Amino acid sequence: MAQVESISHSGINVIDLKEAEDFYADIFGAEITNRVNFNTDDAKRGRSVHTSVHVGDWLFATVLPKAEMPMPAAEQLRGTNGFRHGFRVSREQFPAIVQRLRDRGMAFEGPVQHPEHGPLGESVYFKDPGGNFLEVCWRRDVVSSAVSMDVG
């Protein structure tokens, strides 16, 4: 039986592609790698309209949904029903993410200290401009010199 090695890519629904590109580039240092099906006729035929975004070693697409996205209440920053995308940074880089959120005037919860014997050290929780719940954390079980996002 074949064994999965890692997640190759995934998608995040957004309301405004350009706003999402700016957000992920500004907060996470993401690289926009390409845009797909920005042709109106393609979109009308139901083809995916999205931007490919690289953050660290993860590729994801910011995708325009075909219908309105149901989102949890605005005051909930940690998400409900498990809907949350988690990003890992090194412990040393974690304060830079928190500062970027402050500089941008974003509402966020945290930093939240996790139990001392668990894998996570601290997390912050917030929403992207499309209302998706995000978490950024540093992990105790990952050595800081390991590959992590460059948020410099």
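Tally up the residues in the range 17-57 that are modelled with pLDDT under 80 and among the aromatic types (F, W, Y), please. Number of matching residues: 1.
Residue-level check: of (1) at pLDDT 85 or above; (2) surrounded by 13 or more Cβ atoms within 10 Å (Cβ to Cβ); (3) in contact with a Gly (Cβ under 9 Å, 6 or more places away or on another chain), Q113 misses just (2).
The single condition among (1) surrounded by fewer than 18 Cβ atoms within 10 Å (Cβ to Cβ); (2) modelled with pLDDT of 85 or more; (3) not aliphatic (A, V, I, L, M) that G79 does not satisfy is (2). So is V142 within 16 Å of the chain's Cα centre (by Cα), surrounded by 13 or more Cβ atoms within 10 Å (Cβ to Cβ), modelled with pLDDT under 90 and among the β-branched types (V, I, T) or not? For V142, the condition - within 16 Å of the chain's Cα centre (by Cα), surrounded by 13 or more Cβ atoms within 10 Å (Cβ to Cβ), modelled with pLDDT under 90 and among the β-branched types (V, I, T) - is not met. Of the set (1) of a type outside the set (S, T, N, Q); (2) at pLDDT below 75; (3) under 14 Å from the mean Cα position of the chain (by Cα), all apply to A73 but (3). Just one of the listed residues (R84, R91) is within 14 Å of C137 (Cβ to Cβ), modelled with pLDDT under 80, of a type outside the set (S, T, Y) and surrounded by 13 or more Cβ atoms within 10 Å (Cβ to Cβ), namely R84.
The values are calculated or read from the model by the stated rules, or taken from the named source; none is laboratory data. All values reported here derive from a predicted model rather than from experimental measurement. Note that we place each Cβ from the backbone using ideal geometry, even for glycine, and neighbour counts take in every protein chain shown.
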